[in-house]
Amino acid sequence: MGRSQQAVSGIFIAMITTTILQNVTVETAGTIDLNLEIKFTIGGQSISVDIEKKEGADLYKSLVTISHIQDSDGRVKSYAKDSLDLSKTIFTDNRF
């Protein structure tokens with residue numbers, strides 16, 4: 001991997017850890033074409049990656065898994081915030 005590819009990979013990894021990944025899809029032209037097009041949205045920006053079929057399955061599975069983990073983490077974060085808000089209301093209203 002060249003120096004510029006490492007920099008781009010590092011930026012992409014940083015974006016995934018701080019930005020929501022959505023709408024992961026894969027497109028192929030059929031059995032003759034040896035390429036896949038993986039499309040996804042990250043931080044509101046649409047991205048399309050052309051990749052060889054043999055490498056595409058792993059990338060697609062990784063992006064879908066990251067998307068599912070982020071979705072689950074978002075729900076847990078929301079539940080935690082709701083619980084804290086409810087606790088705050090209970091303690092504020094009852095003035096122990």
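Neighbours of Asn23 by Cβ distance under 14 Å: Lys/Arg scored +1, Asp/Glu scored -1, total -2.
Positive contributions from Lys and Arg (+1) and negative ones from Asp and Glu (-1), summed over other residues with Cβ under 10 Å from the Cβ of Ile51, come out at -3. On the accessible surface of the stretch 26-89, probed at 1.4 Å, how many percent belong to carbon and sulfur atoms? The nonpolar share, carbon plus sulfur, comes to 56 percent. Near Ser83, once Lys and Arg are set to +1 and Asp and Glu to -1 for all other residues with Cβ below 14 Å from its Cβ, the sum equals +2. For the listed peptides 62-74, 79-91, a ranking on the average number of other beta carbons within 10 Å per residue, highest first, reads 62-74, 79-91.
The values are calculated or read from the model by the stated rules, or taken from the named source; none is laboratory data. This structure is a prediction, so every number in the text was calculated from the model and none was measured. We place every Cβ from the backbone using ideal geometry, glycine too, and count neighbours over all the protein chains shown. Just the protein is used for accessible areas: all its heavy atoms, side chains included, with ligands, DNA and RNA removed. Shrake-Rupley method; radii C 1.70, N 1.55, O 1.52, S 1.80 Å.
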